[in-house]
1. Name every residue in the range 154-178 that is at pLDDT 75 or above and either of a type outside the set (Gly, Ala, Ser) or assigned to a helix (DSSP H, G or I) (or both), in order of residue number.
2. Regarding Cys41, is this residue part of a strand (DSSP E or B), in contact with a Pro (Cβ under 7 Å, 6 or more places away or on another chain) and not polar (S, T, N, Q)?
3. Quick one: is Leu97 in contact (Cβ under 8 Å) with a residue 40 or more places away in the chain and closer than 22 Å to Asp157 by Cβ?
4. Regarding the range 7-20, can at least one residue be identified that is in contact with a helix residue (DSSP H, G or I) (Cβ under 9 Å, 6 or more places away or on another chain) and surrounded by fewer than 14 Cβ atoms within 10 Å (Cβ to Cβ)?
5. Out of the residues in the range 21-34 meeting the condition of being among the aliphatic types (A, V, I, L, M) and modelled with pLDDT of 90 or more, tell me which one is surrounded by the fewest Cβ atoms within 10 Å (Cβ to Cβ).
6. Looking at (1) at positive phi; (2) at pLDDT 95 or above, which one does Cys41 not meet, given that it meets all the others?
7. Ala37 is checked against (1) of a type in the set (A, V, I, L, M, F, W, C); (2) touching a Gly at 6+ places or on another chain (Cβ under 9 Å); (3) surrounded by 15 or more Cβ atoms within 10 Å (Cβ to Cβ) and fails just one. What number does that condition carry?
8. So, in the range 100-137, of the ones that are β-branched (Val, Ile, Thr) and not in a helix (DSSP H, G or I), which residue ends up modelled with the lowest pLDDT?
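The values are calculated or read from the model by the stated rules, or taken from the named source; none is laboratory data. Small disclaimer: the values here were computed from a predicted structure and weren't measured. Heads up, the Cβs are rebuilt from the backbone with ideal geometry, glycines too, and the neighbour counts pull from every protein chain shown.
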Amino acid sequence: MSEPEKMICFINSHYDPLFYVPDGGNVVLTFSDGEKATRPCKFLDEYHTQVGHNVYHICQFAELMERNGTSYAPEKPMPLPKMCYSTLPATGELILLIQGEKGYRKCDRSAPYREQNEMTAAQKNRRMGVTRQQEAAMMGGATRGWATPAARTSSYDLRGNPIAPAKGRAHKPREAAR
């Protein structure tokens, strides 16, 4: 029996999970001046990782990146999980989303209050290693179709907010040669 793939959890300075990178995968750093760099990552343990040649506690890395104005993201888009929890936007009811299934399944243990259900969904997803970005893409797939851009993690930022599609660049006329 093979050992499960080790995943490196990248968080923000408040310990909120942002994304996961497999052991040996890469993270893309975007510095405050817009320059980008790709760094390999090595799993050391649940709370420590090697990024490039440096070893960090996961919160130390997050704090350093925030202090320097550097953003970080996985090199490859995150795949969708088999399932995750969420809440219905209209009612706040706790629901289960299954990859490939249209719609959702109601959860028996839904609380009467939206906030409580949102906390339950976040807690259950965290235990399964599901990020907000993946949850948003699962909701998009369940409601808009699994073959649409709404079902891609790349359509959402790390907080699960939709990213506006890139607009085509306006054609600028060339200046006449002098």
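1. Ser154, Ser155, Tyr156, Asp157, Leu158, Arg159, Asn161, Pro162, Ile163
2. no
3. Details: in contact (Cβ under 8 Å) with a residue 40 or more places away in the chain: yes; closer than 22 Å to Asp157 by Cβ: yes.
When the stated conditions are applied, Leu97 passes them.
4. Taking the range 7-20 as the starting set, the residues that turn out to be in contact with a helix residue (DSSP H, G or I) (Cβ under 9 Å, 6 or more places away or on another chain) are 8-19.
Pick out the ones that are also surrounded by fewer than 14 Cβ atoms within 10 Å (Cβ to Cβ) and you get 14-15.
Taking every residue of the range 7-20 in turn, at least one turns out to be in contact with a helix residue (DSSP H, G or I) (Cβ under 9 Å, 6 or more places away or on another chain) and surrounded by fewer than 14 Cβ atoms within 10 Å (Cβ to Cβ).
5. Residue satisfying both the conditions and the ranking: Val28.
6. Going through the list (1) at positive phi; (2) at pLDDT 95 or above, Cys41 breaks only (1).
7. Unmet for Ala37, out of (1) of a type in the set (A, V, I, L, M, F, W, C); (2) touching a Gly at 6+ places or on another chain (Cβ under 9 Å); (3) surrounded by 15 or more Cβ atoms within 10 Å (Cβ to Cβ): (3).
8. So in the range 100-137, the residues β-branched (Val, Ile, Thr) come out as 120, 130-131.
Keeping just the survivors that are not in a helix (DSSP H, G or I) gives 130-131.
Numbers: Val130: 91, Thr131: 88.
Once the filter is applied, the top-ranked residue is Thr131.
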